[in-house]
Amino acid sequence: MDIILAKPRGFCAGVIRAINIIKQVLNTYKSPIYMNHELVHNNYIVNYLKNHGVIINRNINDIPNGSIFIISAHGASKNIFNNAYKKNLNIFDATCPLVKKIHYRASYANNNNIDTIIIGNPKHQEVLGIIGQYDRTTTYIVESLYDANYIKIKNSSKLCFLTQTTLSVFDTYQIINVLKNRFPNILELGRNNICYATNNRQQVVYKLAKTTDLVVIIGSDISSNANKLAIVAKKYNKNVYMIDNFSYFKKQWLNNINTIGVTSSASTPEFLVKQFIEYIKQYDNMIIKEIILNKEKVLFKLPKIFKTKQNIICYDK
């Protein structure tokens, strides 16, 4: 039996940056440390941080004044930042720079009175953060082709679209094409909002699904990018399973299987993949190979710490 490992897989540059930020915070400050949301959508990381004194509190009004406060990789609304300043919180902003880029585009649309269609999951933290950049213009949420075909827009003459970074590339382009056909004047502020890591992992899982008998995606069900990997793989392979870690794998899944494709979401630690490989090896003398799409070279630097007049510690842009 062969194991085919996807490359690239696992942590993206935005997740690495967020984890390095919180490592610095944990090494410097005593608990409790507060967050507006899960740092990234992976159950292992969420539980690890909780065990080290990190408290996820979505109601910023309940956080004591002057506390350490971390913004998750998914970003946050302007109101959250403003309320954090008012409470004199020490803010460490772990927002992915690619999500920040969308916030800048959203602010441009808001300041120039351009209504915006946001393509994404209306309950996802990233989308809520994007919506939270608007206070002057109207935002609309499109989650599906059905929404794109039937959404009603008040003023299509000044309209743009933005997308969540972790969507299905193929499905999103279909939605965009529908919107462009319905609203010929729509501005393309967001065609490139799906991040490089999402695109790369979906491209390589497509190859895995086409060339292996079984695809295993290691990632949490709370992760948008993990779920989208499963959606892509299931279009081309009937044997696709998304698991949090090796303990969720069932031996019967290996019946009549000669090749296993393995990948992981952008928020999954690599050691969980290695654990799975060691676990699965007990069932056969397996040969491990890789299917390589490309080598990712993106790296986001840690921002500098500075103090404002209110003595609030912040992370620079």
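Just so it is clear, none of the values below were taken in a lab; they were calculated from the coordinates. For clarity, every value in this text was computed on a predicted model and none was experimentally measured. Positions of Cβ are backbone-derived with ideal geometry, glycine not excepted, and every protein chain shown enters the neighbour counts.
Observations on the model:
- Share of pairwise Cα separations in the range 110-227, more than 18 Å, in percent: 54
- Charge dipole of the range 98-182 (Cα centre as origin; +1 on each Lys and Arg Cβ, -1 on each Asp and Glu Cβ, all else neutral): 260 debye, rounded to the nearest 20.
- The chain - charge dipole about Cα centre, Lys and Arg +1 at Cβ, Asp and Glu -1, debye rounded to 20: 680
- For the range 233-307, the fraction of C-alpha pairs farther apart than 17 angstrom is 59 percent.
- The modelled label-to-label distance between Tyr248 and Arg182, using points 7 Å beyond Cα along the C-beta direction, is 3.4 nm.
- Computed from the alpha carbon positions, the gyration tensor of the range 209-264 leads to an equivalent ellipsoid with semi-axes of 17, 14, 8 Å, biggest first.
- Rel. contact order, % - alpha carbon contacts under 8 angstrom, at least six apart, the chain: 25
- With the highest mean first, a sort of the peptides 174-184, 94-104 on other beta-carbon atoms found within 10 angstrom per residue produces 94-104, 174-184.
- Quotient of C-alpha Rg and 2.2 N^0.38 Å, computed over the range 169-306: 1.24
- Net length gained if the chain between Asn294 and Phe170 were fully extended (0.36 nm per residue, minus Cα distance): 42.7 nm
- Surface/4 estimate of mean projected area, convex hull on alpha-carbon atoms of the chain, nm²: 17.3
- Restricted to Cα atoms, the range 190-232 shows a radius of gyration and a Dmax of 11.0, 36 angstrom.
- Kyte-Doolittle mean at least 0.5, axial Cα span of 18 Å or more - DSSP H helices of the chain: 13-28
- Under a 5 Å amide H cut-off, with hydrogens placed 1.01 Å from N, Ser267 pairs with nothing among residues at least 5 apart or on other chains.
- Euclidean distance of C-alpha centroids, the range 113-149 and the range 269-303, integer Å: 34
- DSSP-defined antiparallel bridges as percent of all bridges, the range 98-182, nearest 5: 0
- Amide H contacts of Tyr140 (H built 1.01 Å from N, in plane; Pro and chain starts excluded): Thr116, Ile117, Ile118 sit under 5 Å, all sequence-distant by 5 or more or on other chains.
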